[in-house]
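J.: The structure follows.
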Ligand code: SF4
Ligand code: MG
């Protein structure tokens, strides 16, 4: 596989009256061509700000203060707004959680899709219309010509999300960033939308970054998982490895709080405590106030993100010296 996106040591800070807020604090990861990567973590861990940084959508008082975002021959952190805007939609597209707020209520779906197509491809009105209708068909919208001439409010939430996906993909982007794309939808529609994204990935070979707080949705559709906590990556690895044997106590906690389809009766354990405010980060390991395994060292010293094996990294003192004491610890705390 070859490299499409290379995020290196990204820091995105917000400067407010109450001080500096390190929302994204030294994040590194890569996405290969056609790969589907999930960024998971609770709200407030920096997932969305990471994607906004890639899209060039960080607004004052936020600012990228360090790091590189390499995409093809470009470092996105160094590009002018105008250049980024050109890339956005053409090579990188984004879909958001609530499509009603991203679609303009005053214009028909078709108008918005064809405008997007006309903006990025040099085609006339008629051709843009045909392409737009074809995209609607591709994302599984029935009676696509009628939908094309409808207003957003005339469609259901699931249909609107399909329209957003059609719009995002209408210019054949190399990378699609989907930020909680199914959260506002009911479970059946969620599954359909994820299924659809997966199918389109296979057809169009678009790489996808799927941002979600719900580990349940990633298992079936992603190749790799990046777990973020308090503005940092705490674990990353292939989806099978990570699901079979999560290393970081935070990832373990997330998995325990995710319902499994065939284990509905099992009581879900939420992770105790809450995500720290970035302006008031705990010393040492940022997860230590919530971690059932915290040791003295964890309170004093911050662990590094460490390569545990090929393509697998974890940030935790328990994994600092090779394979781990975690199983023993688990027996003790059980
Ligand atoms: Fe828990 Fe310590 Fe690992 Fe942090 S470094 S996750 S506190 S065991
Ligand atoms: Mg978010």
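The values are calculated or read from the model by the stated rules, or taken from the named source; none is laboratory data. Model, not experiment: these values are computed from the prediction. Backbone-built Cβ (ideal geometry, glycine too); neighbour counts: all protein chains shown.
J.: Here are 186, 179: which of them is within 16 Å of ligand 2 (Cβ to nearest atom) and either under 26 Å from the mean Cα position of the chain (by Cα) or free of Cβ contacts under 8 Å to residues at least 24 places away in the same chain (or both)?
T.: On the way: 186 fails: within 16 Å of ligand 2 (Cβ to nearest atom).
On inspection, the qualifying residue turns out to be 179.
J.: Looking at residue 291, is it in the same structural domain as residue 49 (by TED's automatic domain parsing), more than 23 Å from the chain's Cα centre (by Cα) and buried (at least 19 other Cβ atoms within 10 Å of the Cβ)? Walk me through it before giving the result.
T.: Working: in the same structural domain as residue 49 (by TED's automatic domain parsing): yes; more than 23 Å from the chain's Cα centre (by Cα): yes; buried (at least 19 other Cβ atoms within 10 Å of the Cβ): yes.
Considered against the rule, which asks whether it is in the same structural domain as residue 49 (by TED's automatic domain parsing), more than 23 Å from the chain's Cα centre (by Cα) and buried (at least 19 other Cβ atoms within 10 Å of the Cβ), residue 291 comes out as yes.
J.: Additional query: Can you find a residue that is in a strand (DSSP E or B), out of contact with any strand residue (DSSP E or B) (no Cβ under 6 Å at 6 or more places or on another chain), without any contact (Cβ under 8 Å) to a residue 24 or more places away in the chain and surrounded by fewer than 22 Cβ atoms within 10 Å (Cβ to Cβ) anywhere in region 2-25?
T.: No.
J.: Against the condition within 16 Å of ligand 2 (Cβ to nearest atom), touching a strand residue (DSSP E or B) at 6+ places or on another chain (Cβ under 7 Å), assigned by TED's automatic domain parsing to the domain that holds residue 311 and touching a residue at least 12 places away in the same chain (Cβ under 8 Å), how does residue 50 come out, does it pass?
T.: Working: within 16 Å of ligand 2 (Cβ to nearest atom): yes; touching a strand residue (DSSP E or B) at 6+ places or on another chain (Cβ under 7 Å): yes; assigned by TED's automatic domain parsing to the domain that holds residue 311: yes; touching a residue at least 12 places away in the same chain (Cβ under 8 Å): yes.
In short, yes.
J.: Restricting the search to region 54-98, which residues are touching a helix residue (DSSP H, G or I) at 6+ places or on another chain (Cβ under 7 Å), touching a residue at least 60 places away in the same chain (Cβ under 8 Å) and assigned to a strand (DSSP E or B)?
T.: Selection gives 67, 68, 69, 92, 93, 94, 95.
J.: While we're on this one: Identify, please: which residue in region 199-211 is surrounded by 16 or more Cβ atoms within 10 Å (Cβ to Cβ) and in a helix (DSSP H, G or I) and is, among those, farthest from ligand 1 (Cβ to nearest atom)?
T.: Here is the first cut: in region 199-211, the ones surrounded by 16 or more Cβ atoms within 10 Å (Cβ to Cβ) are 200-201, 206-211.
Remaining after also requiring in a helix (DSSP H, G or I): 200-201.
Numbers: 200: 37, 201: 33 Å.
Per the stated criteria, the residue is 200.
J.: Further, regarding this structure: Sort out which residues of region 169-198 are touching a helix residue (DSSP H, G or I) at 6+ places or on another chain (Cβ under 8 Å) and assigned to a helix (DSSP H, G or I), and write them in order of number.
T.: 169, 189, 190, 192, 193, 194, 196, 197, listed by residue number.
J.: If you scan region 273-309, which residues turn out to be part of a helix (DSSP H, G or I) and without any contact (Cβ under 8 Å) to a residue 24 or more places away in the chain?
T.: To start, the set of residues in region 273-309 that are part of a helix (DSSP H, G or I) comprises 278-280, 288-290, 296-300.
280, 288, 289, 296, 297, 298, 299, 300, listed by residue number.
J.: Separate question: Take the residues in region 139-156 that are part of a helix (DSSP H, G or I) and in contact with a helix residue (DSSP H, G or I) (Cβ under 7 Å, 6 or more places away or on another chain), then tell me which one is farthest from residue 95 (Cα to Cα).
T.: Step one: filter region 139-156 for residues part of a helix (DSSP H, G or I), giving 144-148, 152-154.
With the extra rule that they be in contact with a helix residue (DSSP H, G or I) (Cβ under 7 Å, 6 or more places away or on another chain), the set shrinks to 144-145, 147-148, 152.
Values: 144: 20, 145: 22, 147: 19, 148: 19, 152: 15 Å.
Once the filter is applied, the top-ranked residue is 145.
Condition check ((1) at pLDDT 95 or above; (2) touching a helix residue (DSSP H, G or I) at 6+ places or on another chain (Cβ under 9 Å); (3) closer than 21 Å to residue 225 by Cα) across all residues:
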position	(1), (2), (3)
288	yes, yes, no
303	yes, yes, yes
308	no, yes, yes
312	yes, yes, yes
316	yes, yes, yes
319	no, yes, yes
323	no, no, yes
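J.: Tell me, which residue of region 212-231 that is part of a strand (DSSP E or B) and within 16 Å of ligand 2 (Cβ to nearest atom) is farthest from residue 273 (Cα to Cα)? Show your work before the answer.
T.: Start the filter on region 212-231 by keeping residues that are part of a strand (DSSP E or B), which leaves 212, 224-229.
Of the ones still in play, those that are also within 16 Å of ligand 2 (Cβ to nearest atom) are 212, 226-229.
Working: 212: 20, 226: 22, 227: 18, 228: 16, 229: 13 Å.
Per the stated criteria, the residue is 226.
J.: Listed residues 67, 19; which is farther than 19 Å from residue 281 by Cα, away from ligand 1 (no atom under 16 Å from the Cβ) and in the same structural domain as residue 235 (by TED's automatic domain parsing)? Step through it out loud before you land on a result.
T.: On the way: 19 fails: farther than 19 Å from residue 281 by Cα.
On inspection, the qualifying residue turns out to be 67.
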